[in-house]
1. Determine whether Leu208 is surrounded by fewer than 20 Cβ atoms within 10 Å (Cβ to Cβ) and either of a type in the set (A, V, I, L, M, F, W, C) or within 18 Å of Glu54 (Cα to Cα) (or both).
2. Return the only residue of Leu120, Leu201, Leu188 being closer than 30 Å to Gln423 by Cα and outside the structural domain of Gly58 (by TED's automatic domain parsing).
3. From the residues in region 405-461 that are among the hydroxyl-bearing types (Ser, Thr, Tyr) and surrounded by 14 or more Cβ atoms within 10 Å (Cβ to Cβ), which one is modelled with the lowest pLDDT?
4. Mind listing whichever residues of region 193-208 are assigned to a helix (DSSP H, G or I) and not charged (D, E, K, R)?
5. Restricting attention to region 225-232, does a residue exist that is outside any helix (DSSP H, G or I), surrounded by fewer than 17 Cβ atoms within 10 Å (Cβ to Cβ) and touching a residue at least 60 places away in the same chain (Cβ under 8 Å)?
6. Return a yes/no flag: does region 464-486 have any residue that is assigned by TED's automatic domain parsing to the domain that holds Glu251, assigned to a helix (DSSP H, G or I), among the charged types (D, E, K, R) and within 13 Å of the chain's Cα centre (by Cα).
Amino acid sequence: MSTQADLGTVTLSLISHTNVGKTTLARTLLRRDVGEVADQPHVTDVSEAHTLIETEDGLCLRLWDTPGFGDSAHLLKRLKSLDSPIGWFLAQVWDRYRDRPKWCSQQAVRNIQDDADIVLYLVNATEDPATAGYVGLEMQILEWIGKPVIVLVNQMGPPREAAREQADIGRWRTALEKYQVVRETLALDAFARCWVQEGQLLDVVEELLPEAKRPAQVALSRAWQQRNLAIFHESSRVLARQIVQAAQDTEPVEAESWDDKVKAGIGPILGKEFKSAGQRAMAALNARANAGIIASTNKLIALHELEGESAAELLQALRDSFIVAAPVDTTKAAVIGGFVSGALGGLAADLAAGGLTLGGGALIGGILGAAGVAGIAKGYNLVRGADHAEIRWSTEVLVTLLAGALVRYLAVAHFGRGRGAWQDSDAPRFWQDEVEAVLRDNQHRLSQAIKQAQAGSDASIDVLDGLIRQLLEAILMRLHPQARAVF
């Protein structure tokens, strides 16, 4: 008879052929380093239990990381002989000391028999299920055990469009549908899963549990979701603060003496470079925007319980070599300086990507309006006061900064801890496409929120926070349809 404690604990056993990535996925789901990871078989040789989440009233979701199946044919033969005394001796004594890998595999089976409510069976997406001969044998083992199985497709590579991802899942679902023990097949890559996909897994777990355990899993799934949503909400707040800080940042432009102007004019002739007042102001503004991007990225990394920091040198396209002195229009806000041909594309790409390369340096098209590259030319606005002048970022650049912030959130939210410490890396082009589409749909609201931030409104952070949250929700639902159940 099940005790109340038993009914309050839901246990998942993670199993697979050896060296498919169980411990790596366990680290991603647990958001902490457990076990040992190496590119060799049988790294995990004993079953280890870890708490995925625990509620204040003692409900617990537990994950077992088990030794991998090795020689599946011999393992199946050994398991079928367990009812005989000789078979028991071979399995429990002989194998332990003379055939360690086989003994480890038997411990995985014992764990599933004794402890598991649900089996999570991990497969490698890069393999063809028709030629992975071990899969059929391991399915026989799992059917012999008789616990419900959820197949998780791992090692899917970099994030891809939902249709391509579903094609990989479909291959495995079709190949395994003949096994009654397999109840669902899902994508859950240890390197590139998103937290909304974890919620889908827990929903399936709830459906497969015995009726008596479902109330506990409902509460555990709710706690899991609340924790993830708290991280999501704080992430949008971090990005809102970054954009408001950039929107309200200004840099004074010093009045230039005749000496400064002469130096700037003859510098190229002498082979020397002299910064104008405008160039010095732009460099200072640029440096602070750069620092803001790095700081917000590192906060996102910490919020998602990842290790490491962003080390990218951002906004490098806005170097002084790209700036040419030009007269300033004294009657209205205007650009300080012009940009040489080709510099604008690099600037827009760096601002948009926040240190991540988007499609080899493509512009965030469509959000800068019909002017295209010309829209970014007003990257700096000059504001004249009674006794001084200062520059600030234009609305166009701030929109592009926000686009980059959304892409950086996606990068962090998809980065599995099992991959190791954070790495600045390329973002897939289709993320950019989804970000562009959502920004186009919200162009007016976005422009109004940024202008409110530029005006110094006390409510600007709250306004931008709410808008960024809605933008991210829309983007995640476009990338992962299962996110609709979360939001």
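1. Working: surrounded by fewer than 20 Cβ atoms within 10 Å (Cβ to Cβ): yes; either of a type in the set (A, V, I, L, M, F, W, C) or within 18 Å of Glu54 (Cα to Cα) (or both): yes.
Criteria met by Leu208.
2. Working: Leu120 fails: outside the structural domain of Gly58 (by TED's automatic domain parsing); Leu188 fails: outside the structural domain of Gly58 (by TED's automatic domain parsing).
That would be Leu201, the only listed residue that is closer than 30 Å to Gln423 by Cα and outside the structural domain of Gly58 (by TED's automatic domain parsing).
3. To start, the set of residues in region 405-461 that are among the hydroxyl-bearing types (Ser, Thr, Tyr) comprises 409, 425, 447, 457, 460.
From the residues that got through so far, the ones that are surrounded by 14 or more Cβ atoms within 10 Å (Cβ to Cβ) too are 409, 447, 457, 460.
Numbers: Tyr409: 95, Ser447: 89, Ser457: 83, Ser460: 91.
The residue in question is Ser457.
4. Quick first cut of region 193-208, residues assigned to a helix (DSSP H, G or I) only: 195-208.
Scanning region 193-208 gives Trp195, Val196, Gln197, Gly199, Gln200, Leu201, Leu202, Val204, Val205, Leu208.
5. As a first pass, look at region 225-232 and keep what is outside any helix (DSSP H, G or I): none.
Scanning region 225-232, I find no residue that is outside any helix (DSSP H, G or I), surrounded by fewer than 17 Cβ atoms within 10 Å (Cβ to Cβ) and touching a residue at least 60 places away in the same chain (Cβ under 8 Å), so the answer is no.
6. Scanning region 464-486 turns up no residue that is assigned by TED's automatic domain parsing to the domain that holds Glu251, assigned to a helix (DSSP H, G or I), among the charged types (D, E, K, R) and within 13 Å of the chain's Cα centre (by Cα).
The values are calculated or read from the model by the stated rules, or taken from the named source; none is laboratory data. Quick caveat: nothing in here was measured; it's all calculated off a predicted structure. A quick note on method: Cβ atoms are made from the backbone with ideal geometry, for glycine too, and the neighbour counts reach across all protein chains shown.
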